[in-house]
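Only one structure is covered here, and it is reproduced in the block below.
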Amino acid sequence: MRIMLMNTTLFDIAEIWPGYPFRGTITPVANTNTYVVQVRDADTSGEIRTKGMITTELSGRKKPDWLKQGDILFVAKGAKHFAAYVKQLPAQTVCSPHFFIVRIKNEHLATVLPEFISWQLNQISAQRYFKANAEGSMYVSIRRKILEDVPITLPSIEKQAQLVALHASAVKEQEVLQKLISNRQQQLDAIALAVLGSSS
């Protein structure tokens, strides 16, 4: 069976804008309802780790663009450029200016899964494109125009869903394996302490 594919660019199917314009270091502030996703909270597997997110206060005049489920955060500044999918975050959450926010246009939601776009931006073809077009030497970045022009391939919505599900399964398997490795190492450390400690 032949798979029908459509070739386009990210600009054609999504709106793209930078994260909240914090000036300097983002200062943690306790007992507030505003959360911030920073690069350290995003994983190259495409996940956002909410456990370590900080709360802060927004001092600028810019009206916040609160993140919502279905958004894609693209790390545009730093050593690695990758996308993370927003599943569920606190209602008042912004991201740092190290990210671009990618939101699928309403007219394309019936044919484009944001999870699939996030996954595709992390694949070899897109990563080669970003590496070839990155700017800077010490502090590498991807301009918005470069992100807008990244080639996107769209199979059917059903095929997109299949690939997303496959990726989710792979991520879960990696988490389980990592936990097993960590548990085994703890066992070995305890045995070593018992054996070597008693002989000293």
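The values are calculated or read from the model by the stated rules, or taken from the named source; none is laboratory data. Nothing here was measured: the structure is a model prediction, and the numbers come from that model. Ideal geometry is used to build each Cβ from the backbone, glycine not excepted, and the neighbour counts take in all protein chains shown.
Of the residues making up region 100-115, those that are part of a helix (DSSP H, G or I) and in contact with a helix residue (DSSP H, G or I) (Cβ under 7 Å, 6 or more places away or on another chain) are H108, E115. Per the listing S125, S118, the residue uniquely in a helix (DSSP H, G or I), of a type in the set (G, A, S) and touching a residue at least 60 places away in the same chain (Cβ under 8 Å) is S118. Of the numbered criteria (1) within 16 Å of T44 (Cβ to Cβ); (2) of a type in the set (D, E, K, R); (3) surrounded by fewer than 16 Cβ atoms within 10 Å (Cβ to Cβ), the one R184 fails is (1). Being within 19 Å of H98 (Cα to Cα) and surrounded by 10 or more Cβ atoms within 10 Å (Cβ to Cβ) holds for only one residue in K179, K145, and it is K145.
Of all the numbered requirements in (1) charged (D, E, K, R); (2) closer than 28 Å to W66 by Cβ; (3) within 17 Å of the chain's Cα centre (by Cα), K145 misses one, and that requirement is (3). Hey, any hits in region 162-179 for a residue that's assigned to a loop (DSSP other than H, G, I, E, B) and in contact (Cβ under 8 Å) with a residue 60 or more places away in the chain? The answer is no, given that none of the residues of region 162-179 is assigned to a loop (DSSP other than H, G, I, E, B) and in contact (Cβ under 8 Å) with a residue 60 or more places away in the chain. With the requirement that a residue be in a loop (DSSP other than H, G, I, E, B) and closer than 18 Å to T153 by Cα, what does region 2-49 give you? Scanning region 2-49 gives R2, I3, M4, L5.
The residue pairs whose first member lies in region 14-29 and is under 30 Å from L113 (Cα atoms), whose second member is at pLDDT 95 or above and among the acidic types (D, E), and whose beta carbons are closer than 7 Å, counting only pairs six or more residues apart or on different chains, are I16/E148.
Looking only at residues in region 53-78 that are of a type in the set (A, V, I, L, M, F, W, C) and closer than 24 Å to F11 by Cα, the one that is surrounded by the fewest Cβ atoms within 10 Å (Cβ to Cβ) is W66.
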